[in-house]
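First up is the structure itself, then whatever we jot down about it.
The values are calculated or read from the model by the stated rules, or taken from the named source; none is laboratory data. No experiment lies behind these values; they were computed from the predicted model shown. When we count neighbours, we look across all protein chains shown, and the Cβ atoms used for this are built from the backbone with ideal geometry, even at glycine. Quick note on the areas: whole protein, heavy atoms, side chains included, nothing else; ligands and nucleic acids left out. Shrake-Rupley method; radii C 1.70, N 1.55, O 1.52, S 1.80 Å.
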Amino acid sequence: MVHRILRNFITRLATALLSFAVVWLTARYLGAAGRGAVSLFVTDCAALLLFIGLLGGSSLIYLAPRRNLWHLLLPAYGWATVVCLMGTGAVALVREVPLSYLGHLLALALLQAFLSINTSLLLGRRQEAAYNRLAAGQVALLAGGLLLAFAVLNQRVVPVYYYASYLAYSVPLLLSLRPLWRQPDRRRRGGRRLRATVRELARHSRGAHFSNILAFANYRLSYYFVAHFADARAVGILSVGVALTEAIWLIPRSTALVQYVDLIHAGKAAASIASAMRVSRLTVLSTIGAVGVLALLPPAVLAAVFGPEFGAARPVILLLAPGSIIMAFQILCSSYFAGLAQYRINNTASVLGLLMTIIACSLLIPRFGIQGAAVASTLSYTVSTAFLLYHFHRATGAAPWSFLPGPADAAHAWSLVRQRLHS
């Protein structure tokens, strides 16, 4: 498991570095206002993709080992198309945006949705190598397209991001079709079996994905509060601080993803708890180290890297740092309950976090701006994580401090690093 997690982590680290390049390119060449506009567009796309998960999402991973892939693919594609059309219409009603913006939103949301469906099915079939290549390739194409447009062609306008995204999502989407086609599932219409699979997918998706919708609100609702009470420039500065701290989440997510896939294939949790806890402690230890390094970055470095306006992101990073460590606990616990299809616990935790987000954003952002948004996020993570740790203890007997690394875990981590360096 450790070696699979390391391979997954290395791929995700490469993806995170490329994502950092995207953040840097949009901040450096578009400024804080342009970066804010890009962040709001990405948030709109992500909001549409969330509702696509009501007939797909992580449930595709859960059902892929158990059902015909084509019985899962067809309804997921159809639902994605309906959601993107309705979601784009909803954005047109609630926000004053140009018609061209809506066109890009619809097209790019569809491309992302279809790619997400394909890669989820591949991951459910333990095609982790293909999944990692497609994920890394998508971000590499986006970063490469932006670099070409900004630095070589000298096109420093927000629409450049849209056109680079077309390249970044369409190419991996086409490449993902080959490994899907090579799966042994019979490609035929299923009649009653297809209808039964659709009902099962809908049942699992409602429970599994509701918490994701709420979690998204926890992560991004502050952007809309800041846009309302401040401006796009403030959103841009906030988005850089959030992007840097959330990049650290790739460490617990790499562990959680592998453990989730193993859990849905094994069907039992008891046998994996002992080894999973050691891996979880190593994950928390790595997260603490990464947060410490990020917190040490002075404002001058941020200004030098992203531009003079972004030195103001350091207070945001410092206020988000405790929340980033707390999120490691949350990600590990929530993947455990998701792997056992115990969605109600994750959903309740997300509801509690969302309530804290709304209250804290309403009180703190009008007075403290982007720093208030950072505090609101940390408070939200704390509330939802405390609830998950309590139920994790009840389910497994592992106390919250069982996640805390000790000297033995640090020594084990160092031995693993030395093994990888020598190999």
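Summed over the residues of region 68-177 and divided among them, the accessible surface reaches 45 Å² per residue at a probe radius of 1.4 Å.
Our coupling estimate for region 231-243, obtained by passing each phi through the Karplus curve with A = 6.51, B = -1.76, C = 1.60 and θ = phi - 60°, is 7, 5, 4, 5, 4, x, 5, 4, 5, 5, x, 5, 4 Hz, Gly and Pro reported as x. Could you check how much of the accessible area of region 82-125 is carbon and sulfur, as a whole percent, using a 1.4 Å probe? Solvent-exposed carbon and sulfur of region 82-125 make up 72 percent of the total.
Ordered from largest to smallest accessible area (heavy atoms of protein chains, 1.4 Å probe), the residues Tyr343, Tyr77, Tyr390 come out as Tyr390, Tyr77, Tyr343. Multiplying the residue separation of Arg156 and Ile358 by 0.36 nm and subtracting their alpha-carbon distance yields 69.2 nm.
Treating r as the C-beta distance of Leu148 and Ile10 and R0 as 22 Å, the FRET efficiency rounds to 0.25.
Expressed in nm to one decimal, what extension gain is obtained for the pair Leu340 and Gln183 from 0.36 nm per residue of sequence separation less their Cα-Cα distance? Walk me through the numbers before you get to the answer.
Numbers: separation 157, 0.36 × 157 = 56.52 nm, distance 2.55 nm.
Additional length available on full extension: 54.0 nm.
Classify region 29-145: rounded, prolate or oblate, from the alpha-carbon gyration tensor (a ≥ b ≥ c, eigenvalue square roots; a/c under 1.5 rounded; otherwise prolate if a/b is larger than b/c)?
Details: a/c = 2.94, a/b = 1.47, b/c = 2.00.
Since a/c reaches 1.5 but b/c is at least a/b, the shape of region 29-145 is classed as oblate.
Could you tell me whether region 79-174 comes out rounded, prolate or oblate from its Cα gyration tensor? Rule is a ≥ b ≥ c as square roots of the eigenvalues, rounded for a/c under 1.5, then prolate if a/b exceeds b/c, otherwise oblate. Oblate is the answer for region 79-174, as a/c is 1.5 or above yet b/c matches or exceeds a/b.
Remark: the Phe368-Val82 segment gains 99.0 nm on full extension, using 0.36 nm per residue and subtracting the alpha carbon distance.
Whole-Hz Karplus values for region 350-360 come out as 5, 4, 4, x, 5, 4, 5, 4, 5, 5, 5 Hz, taken residue by residue from phi with 6.51 cos²θ - 1.76 cosθ + 1.60 and θ = phi - 60°; glycine and proline positions read x.
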